[in-house]
1. Angle check, please: helix 243-262 long axis (alpha carbons) against the longest principal axis of the chain (alpha carbons), in degrees 0 to 90, nearest 10.
2. Which far-off residues, 5 or more places away or on another chain, put their amide H under 5 Å from the one on residue 291, with H placed in the peptide plane?
3. I need the phi-derived Karplus couplings for segment 121-128: 6.51 cos²θ - 1.76 cosθ + 1.60, θ = phi - 60°, integer Hz, Gly and Pro marked x.
4. Just to confirm the number: angle between the C-alpha axis of helix 3-15 and the first principal axis of the chain, 0 to 90 degrees, nearest 10?
5. Below 12 Å, Cα to Cα, which aspartates and glutamates can residue 285 reach? Residues fewer than 8 away in the same chain don't count.
6. Please compute one quarter of the surface area of the Cα convex hull for the chain and express it in square nanometres.
7. To the nearest 10 degrees, how steep is helix 152-171 against the longest Cα principal axis of the chain, on a 0 to 90 scale?
8. In bins 5 Å wide, starting from 0, what share of all Cα pairs of segment 283-322 does each bin hold, as a percent?
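Taken together, the values in this text are just the output of simple stated rules run on the coordinates, not laboratory data. This one's a predicted model, so the numbers in the text were calculated from it and none came from an experiment.
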Amino acid sequence: MSTDKDSLLISILVGKRGEVVSGEEMAQALGMSRVALHKRVEHLKAWGIPIRSIPRKGYVLEEIPDLLIPPIYLALLKSRQMGRPYHYLERVESTNRTAKALAHQGAPHGTLVVAESQTRGRGRLGRSWFSPKGENIYLSLILRPNISVMEVPQLTFLVSVALTQVIREKLQLDALIKWPNDVYIKGRKVAGILMEMETRERRSLFLVAGVGLNVNTPADGFPPEISTRATSLMVEGKQRYLRPQLLAWIMEALEVWYERFQTDQREDILRYWREHNFTLGKPVKLQGGRVGWAIGVTPQGALLVRRPGGSILSLGAGDVEVLE
Ligand code: BTN
């Protein structure tokens with residue numbers, strides 16, 4: 001199938017959502033005959049895209065379907081570079097793994113890998129990531145900044161900042177960042193980031209930013225071991241959300257923040273992180289059971305924790321539990 005033509009066809013219908021577009025107008029815009037157009041529409045219907053053909057009038061898209069297939073996602077995407085080329089997979093071991101293999105083969109900056117489900121979705125610190133089919137977003141984005149490994153944490157902050165901003169501004173949900181890069185709503189985790197990198201002489205060759213975002217998993221859909229700590233956008237917003245639209249917004253936000261990262265506006269990233277976090281100023285439990293008070297975060301992304309005796313620890317990596 002020609003993804004470009006299908007995306008264009010769908011974007012014409014998306015633009016006129018709910019209104020009928022005449023077959024003639026559409027065929028002309030796509031540079032094809034009415035018969036060829038008819039065939040294409042039938043093909044898209046078979047993919048589950050709800051296009052209605054109205055005899056002698058034209059076509060109408062009844063609603064944007066919740067599918068991450070290329071023609072839907074690309075019809076909604078407004079970014080220039082981030083999120084293209086787009087690799088869509090039904091089922092994969094881990095999108096990060098696939099993205100790394102593509103990066104090794106030379107895939108460009110901005111390449112996006114998305115799967116409907118993962119059989120071995122990976123989390124940070126050797127954990128796994130719950131990845132059921134068709135409900136959520138599992139994405140891996142290839143980035144090729146020319147930076148030293150010391151700068152990588154700032155880039156990881158950038159990803160949690162972009163995600164948080166989309167959830168807050170587009171969905172009006174109260175998302176906050178937990179150090180280092182988890183996105184939480186009302187004390188429960190809704191998204192996680194796994195950043196992996198390939199380096200040469202302490203400079204990054206490429207990075208793969210893996211994001212798992214719980215979108216439409218119902219409250220009783222999480223496995224028991226995470227059910228008290230995890231949430232989804234649907235649980236919090238009490239409605240289903242359209243994954244291709246969310247994915248396009250995330251790529252657009254990442255493009256804007258990445259531009260700031262590249263043009264010496266990194267302070268803005270840290271500022272947004274600080275203003276929308278729920279770790280600083282709180283008592284925290286470190287791995288290994290020690291407790292302290294989270295008092296700051298350095299420009300390199302380390303968490304500063306004041307211990308009961310007054311000494312200050314700088315945590316470069318790992319995890320903390322926020323004790324509310
Ligand atoms: C975390 O532990 O919080 C990070 C979770 C990251 C999960 C995502 S899902 C898409 C990508 N592919 C993976 O295998 N992991 C990341």
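1. Roughly 50 degrees between the two axes.
2. 286
3. x, 9, x, 6, 6, x, 7, 9
4. That works out to roughly 90 degrees.
5. 319, 321, 324
6. Values: hull surface 72.6 nm².
For the chain, averaging the hull's shadow over all directions gives 18.1 nm².
7. Once rounded, the angle reads 60 degrees.
8. 7, 28, 36, 23, 7, 1
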